[in-house]
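The block underneath contains the structure these notes are about, expressed in structure tokens.
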Amino acid sequence: MPDRGGGTGPSGPRIRVGRPSRRARTLLMTLGVLAVLAMAFVMFAGFWTDWLWYRSVRYQSVFTTTLWTKVGLFLVFGLLMALAVGLNIWLAHRLRPPLSAMSMEQQSLDRYRMGVAPFKKWVLLAVMALVGLIAGASASGQWRTWLMWVNGVPFGEKDPQFRLDVAFYAFDLPWYRFLLAFGFAAAVLSLIAAALTHYLYGGLRITSPGARATAAATGHLSVLLGVFVSLKAVAYWLDRYGLAVKSSDFKATGNWTGLRYVDANAYLPAKTILFCIAVICAVLFFATLWRRTWQLPVIGFGLMVLSAILIGGLYPAIVQKFQVQPNEQAKEAPYIKKNIDATRKAYAIDTTRPEEYSGKSTVKDKDQLRADADTAASYRLIDPNIVSPTFQQLEQKRKYYQFPLTLDVDRYQGKDTVVGLRELNIRGIPKRNWINDHFTYTHGYGAIMATGTQTDANGSPIFTEQGLPTTGQLGPYEQRIYYGEKTDQYSIVGGPQKELDYEENGEKTTSYQGKSGVNLSNTFNRAAYAVAFSEPQILYSGAIGDGSRILYNRTPKERVEAVAPWLTIDGDAYPAVVDGRIQWIVDAYTTTNGYPYASRTTLGESTADALTVGNQQRAVVAPQNQVNYIRNSVKATVDAYDGTVNLYQWDKQDPVLKTWMKAFPGTVKAREQIDPDLMQHLRYPQDMFKVQRELLTRYHVQDPAQFYSGSDAWQVPDDPTTKDGNAVPPYYLSIKMPGDPAEKFSLTTTFTPNGRPNLGGFMAVDADATSKDYGRIRLLRVGEDVPGPQQVQNKLNSLPSVATFVRDMKGADSDILYGNLLTVPLDGGFLYVEPVYAQGRNAQYPLLKKVAVSYVDADQPDGDTTKDTTVFEDNLTAALNTVFGVEGTAPPATQPPGTKPPAPVTNDVALKQAIADAQKAYDDGEAALQKGDWAAYGKAQEALADALQRAAAAGAKLQSDTGRGGTKPTPNATPSASASPGTPASPSPSASPGAG
């Protein structure tokens, strides 16, 4: 008997080999279950954290509606595809012939049949599951198409060809095309699966003699082919309507949408004929159930293919060649008119009519021109695209704060104001670690503002809100910024770990009191976020406890896009202080690419300019989206402290917005709920304006013949202040348009004729949301011989005074920066105003040093051969006086009766304190250096840098104050570049080249 024990035998000790012990099997099973649970939890974590986030912002309905729509589409279409393919495989198996007398071909397949036979049910289920999963996943991506179809609201407008409501093309046709594509996929996959099954089981033969297919296989496959051809007939019928939204190249427009002559007179009847042929061909395929022959269906299918080539391809080409091209302008004129009307309506420019503006001055009296210049506009000398480094240097305060590259322009107390938020800059944290990055440094602090029309004596902005915490015109408000454009990392707040609030005469700490974010008090949520953010410390860190909340998705654009995924977001969210809170204002658009006859545009290309190129902060969210209908239908706000998102219905007539409001009820508030204080800061959005100006380069022309010739086409000029060759950005500016009684806050731009540098047009829109004319676009068609922006810039650069200034600045190792070139209509002519900045090589920020002004008048005065006058002066008042040839005398400043003159402002105390702080910081640093305490030394160096910065600012302020009227006026003072028209110029010390 063999030894079953563990003893030894004649050959020596034996090794016992057997099954794993019960304990080992239990351990393996446990590990397997844990692994499955871990994988399931990883997949579940993303879903759970998304649900928690939507619940935290109170937009659960968006999450649930989107989720259940995707799940429903996945299940319905996945199941339909699985059933279609599975049913045809089962049917092909049931219709298999007997295999008693197998051919050699079938005998060679026998081993495959034998291999499949024991698992045929599982193979069938696997095939069904695979095609079902693929089809379901594809269908779930069509959730927007489904919601728009099922909730579609009529436009109340009909297309000019088929007289169908626009909603059919925008909402219905995309869904029908998806169903058609799904039907084609199901038919093709079913046909392939059925053919393979018939071949495997002998219903189809390739090399065997005799009939190639059994009668059952012939009938089955013919029905499937009949279904395919029937779907092709439906496709031909839908293609007729698709012509109204079809894109094509047309030399008159480049990008053409809609029917042209050849479409209406060749393709449209061809599609109808092909539809009829396809229906007949489908009937012939279905008839094989009785005739059991392929002859007629094959003839019919061949006829359909030949017809598609001859009728659908060759005939339209003949019509285009011999009917259209010999007289294309006349043939295409009616269709060009339809395209013009539809495009103008789709982009909300249908009420814009060019107004003739000769460019010839209607006022010849120089004093009157000078007086009118004072009221023509609020000339914004502070360029928000240049002065960000100035804000950074003067108001950053700490390295862990930052301002955006491009500041914003808003209105406060009726004045154009440049605004920037002091946001958190995580890269500037003195010591980077997980606690500092996510617990200690959590928010920015304060809104910094400066008047847009003036600078101080040194060329620095005049701040109306500054400091840390800020003080100024706003009064008390919540200054902490937990949500901002630069806040792209998560923070955990409100728990045991205190946050750094700000540093000013010592560190101040705080703990978040808002209700934003997701509660991390329970272990399950912490584990989910540890997995979702791939950060295990979230699960076990002692810095997280009762009251801890995690804040993420913190940029305004992210939050609005998440709660309203059906909106396209403007590239520039801007802040405003409203009712004691900082609110981010976000413009959002509803779009479609299914507006019949309206030409399409690519959002990313239309909204690109000299500011957005390379600046993702200002880029539109969906850069490659092609659309042919757009409305600024929603104004959204995001609270900078607690992240609250509010969506307001702005365009009450927009059918696309009404459709989405039906799909997501309760998510968009009524326009009447907008706070009046918030309304003061709403403005016309830049991206909408840029799309409209791009279309108006061609579609300001409404005569089909002139449109076809392109003789009056315009272009958006390149920005003359840069060398990048990118389009000039539009500018917010308070301006008085011809015929208006007063200035209006506007968004403006210029046009030049296509291929020429002179001015062709000027466009401005009333951008003030409180104005009854909000959104009204004024378009001036400028007469010939009016210099354009590039020509004015070139003439400015050729002035001897400019050459001297540039040479002196370069000699002093300083750079010259040209600010925004503002264009203002004035008494029939145009006034160009451009601030010029200088920045020393070792300076941290630019200062306004000069102002260039040019008045162009196409009506040439006697003895003037230049047709325009360009000057380069120290300040705006002097420049306007010189350009109009008026004596530079300004009226004395007056005060209302009964008011006390303001006390002279001095900064002696601030300067002395800053010097004392610098000395103390230096002494502390030396002491720390002797002790080898490098941490203390680093803090002392930071304190020293801050004190020196404050000392420099206080010194400059003191010098400015004494120059304005203090006890020690500076000799040889020159007028400040900040002086606005009609006000006395403030004296300032003579600056040597390179100052700044």
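The values are calculated or read from the model by the stated rules, or taken from the named source; none is laboratory data. Just so it is clear, the model here is predicted, and its values are computed rather than measured. Note that we place each Cβ from the backbone using ideal geometry, even for glycine, and neighbour counts take in every protein chain shown.
I277 passes every criterion in (1) buried (at least 21 other Cβ atoms within 10 Å of the Cβ); (2) over 54 Å from the mean Cα position of the chain (by Cα); (3) at pLDDT 85 or above apart from (2).
Taken over region 369-400, the criterion of being of a type in the set (F, W, Y), buried (at least 24 other Cβ atoms within 10 Å of the Cβ) and in contact with a helix residue (DSSP H, G or I) (Cβ under 7 Å, 6 or more places away or on another chain) is satisfied by Y379 alone. For region 684-734, filtered to residues that are of a type in the set (F, W, Y) and within 21 Å of the chain's Cα centre (by Cα), the residue that is nearest to T591 (Cα to Cα) is F689.
Given the condition within 30 Å of R549 (Cα to Cα), of a type in the set (D, E) and in contact (Cβ under 8 Å) with a residue 40 or more places away in the chain, answer yes or no: does some residue in region 435-454 qualify? So far as region 435-454 goes, yes, one or more of its residues are within 30 Å of R549 (Cα to Cα), of a type in the set (D, E) and in contact (Cβ under 8 Å) with a residue 40 or more places away in the chain. Of the residues making up region 259-285, those that are of a type outside the set (G, A, S) and closer than 16 Å to G302 by Cα are I273, L274, F275, C276, I277, V279, I280, C281, V283, L284, F285. Residues of region 499-525 that are farther than 17 Å from Y54 by Cα, in contact with a helix residue (DSSP H, G or I) (Cβ under 8 Å, 6 or more places away or on another chain) and surrounded by 13 or more Cβ atoms within 10 Å (Cβ to Cβ): E499, L500. Cβ-Cβ contacts under 8 Å between residues 6 or more apart (or on different chains), taken from a first residue in region 561-574 that is more than 22 Å from P404 (Cβ to Cβ) to a second residue that is among the hydroxyl-bearing types (S, T, Y), are listed as V563/Y54; V563/Y59; V563/T667; A564/T667; P565/T66; W566/T590; L567/Y589; L567/T590. For region 689-722, a tally of residues being assigned to a strand (DSSP E or B) and out of contact with any Ser or Thr (no Cβ under 7 Å at 6 or more places or on another chain) returns 1.
Filter region 251-262 down to the residues that are surrounded by fewer than 21 Cβ atoms within 10 Å (Cβ to Cβ) and in contact (Cβ under 8 Å) with a residue 60 or more places away in the chain, then identify the one that is nearest to G312 (Cα to Cα). Among those residues, the one meeting the criterion is Y261. Would a scan of region 530-539 turn up a residue that is under 25 Å from T637 (Cβ atoms) and surrounded by 17 or more Cβ atoms within 10 Å (Cβ to Cβ)? Within region 530-539 (the criterion being under 25 Å from T637 (Cβ atoms) and surrounded by 17 or more Cβ atoms within 10 Å (Cβ to Cβ)), the answer is no, since none of the residues qualifies. If only residues of region 558-607 that are buried (at least 22 other Cβ atoms within 10 Å of the Cβ) and among the charged types (D, E, K, R) are counted, the one that is modelled with the lowest pLDDT is D572.
Only one of the listed residues (Q583, Q497, Q489) is out of contact with any Ser or Thr (no Cβ under 9 Å at 6 or more places or on another chain) and polar (S, T, N, Q). That residue is Q489.
Condition first: in contact (Cβ under 8 Å) with a residue 24 or more places away in the chain and surrounded by fewer than 19 Cβ atoms within 10 Å (Cβ to Cβ). Now tell me which residues in region 154-177 satisfy that. Selection gives P154, G156, E157, P160, F162, L164, W175, Y176, R177. Is it the case that some residue within region 337-349 is surrounded by 14 or more Cβ atoms within 10 Å (Cβ to Cβ), assigned to a helix (DSSP H, G or I) and polar (S, T, N, Q)? Checking region 337-349: at least one residue is surrounded by 14 or more Cβ atoms within 10 Å (Cβ to Cβ), assigned to a helix (DSSP H, G or I) and polar (S, T, N, Q).
For region 827-838, a tally of residues being in contact with a strand residue (DSSP E or B) (Cβ under 9 Å, 6 or more places away or on another chain) and surrounded by fewer than 22 Cβ atoms within 10 Å (Cβ to Cβ) returns 1. Filtering region 125-166 to residues that are assigned to a helix (DSSP H, G or I) and either touching a Lys or Arg at 6+ places or on another chain (Cβ under 6 Å) or more than 25 Å from V76 (Cα to Cα) (or both) leaves S140, W143, N151, V166.
Selection of helices (runs of 4 or more DSSP H) fully inside region 223-324 by the criterion of at least 2 residues being hydroxyl-bearing (S, T, Y) returns 268-291. Comparison of T26, T64, T30 shows that the only residue that is in a helix (DSSP H, G or I) and closer than 30 Å to A562 by Cβ is T64. Modelled with pLDDT of 95 or more, under 16 Å from the mean Cα position of the chain (by Cα), polar (S, T, N, Q) and assigned to a strand (DSSP E or B) - does that describe any residue in region 634-646? Checked region 634-646: at least one residue is modelled with pLDDT of 95 or more, under 16 Å from the mean Cα position of the chain (by Cα), polar (S, T, N, Q) and assigned to a strand (DSSP E or B).
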